[in-house]
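Please treat every number below as a calculation from the coordinates, not as lab data. Computed from a predicted structure; not experimentally measured. Note: ideal-geometry Cβ built from the backbone for every residue, glycine included; neighbour counts use all protein chains shown.
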Amino acid sequence: MMTPLLIDALTISEGRFEKPCPALVLKMMLLNGEISSEFSEKIKNQALLLLAIYRKLLLALETDLRNVKDLKNSVKRRHWGKVDKVQDKMVVADQLRLKHLDLEEMILFLNTQNLLKKLPITFVQKLISWAPPVVSGTFLIENVLAGYIAQKLLPLEKIKVKELGKSVQPYFHLADFFVFLPRLEELYQKHQKQIVRLAPTAEVALALTDFGQAWIYRLRSRP
């Protein structure tokens, strides 16, 4: 079940930014099943690319974590979204931490590694700017998947995060986000051809979608 807590952990709480951001647009898509016309085309396009990478990442993680059970809505504590004060902070990406789960401390899983190695560093850097992690200390609280990607692909880089003004314990581990796969799949099916054209390169489009190489080049060559 996509609870408000879990949706905010995947994306971001309202009020973290003065202006709309791609992570917030993705949140609205997950809640409403469509993209609102109130957002700019640029932000909507960035949100679609976030959608595509999150879908592919969760599919890979689901295969790698096949035997890990999710928390099944066991979280009943106060929502950290009530912590209004956040400040920008630079953190070395390797220091970012997830809720403890022994399997997640392994270097990388096979399917997940195969996906992540296809993503150019420049694209990953943009992705992190579209969904800056929200942290408490170095624990990932919101935009968790973006933080996970940064931890794995930009380990030595300093990235900008938003630090909560109050200490909060992480509530979710990666397996909890598998509940989003049906909705992400539904949205992906609606926008898959657009995602192919939006990807910065054909290689990235190949990584983010289910199309073969011939179809990728055909779709990207159309006006």
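When you filter the trypsin sites (Lys or Arg not before Pro) in the stretch 143-179 for DSSP loop state and at most 12 other Cβ atoms inside 10 Å of their Cβ, you are left with LYS166. For the chain, modelled as a GNM whose springs connect Cα atoms under 10 angstrom apart, the maximal fluctuation among GLY33, GLY165, GLY212 occurs at GLY212.
Take the Cα of THR201, step 7 Å along the line toward its Cβ, and report every residue of the stretch 139-177 whose backbone nitrogen sits under 18 Å from that point. Only 153-154 fall inside the zone, counting backbone N under 18 Å.
What value, in deg cm²/dmol to 500, does the helix sum -39500 (n - 2.57) over DSSP H runs of n ≥ 4 give at 222 nm once divided by the residues of the chain? Here the helix-only value at 222 nm equals -14000 deg cm²/dmol.
Packing order of peptides 192-202, 42-52, highest average first: 42-52, 192-202 (average count of other Cβ atoms within 10 Å over each peptide's residues). Using only side-chain charges placed at the Cβ, +1 for Lys and Arg and -1 for Asp and Glu, the dipole size of the chain relative to its Cα centre rounds to 280 debye.
Placing pseudo-labels 7 Å out from each Cα toward the beta carbon at THR63 and SER40 gives an inter-label distance of 3.7 nm. Screening the chain for DSSP H helices whose Cα atoms reach 20 Å or more along their own axis and whose mean Kyte hydropathy is at least 1.6 gives nothing. Working from Cα pairs under 8 Å separated by at least six residues, relative contact order for the chain is 29 percent. When the convex hull of its Cα atoms is viewed from all sides, the chain shows a mean projected area of 11.8 nm².
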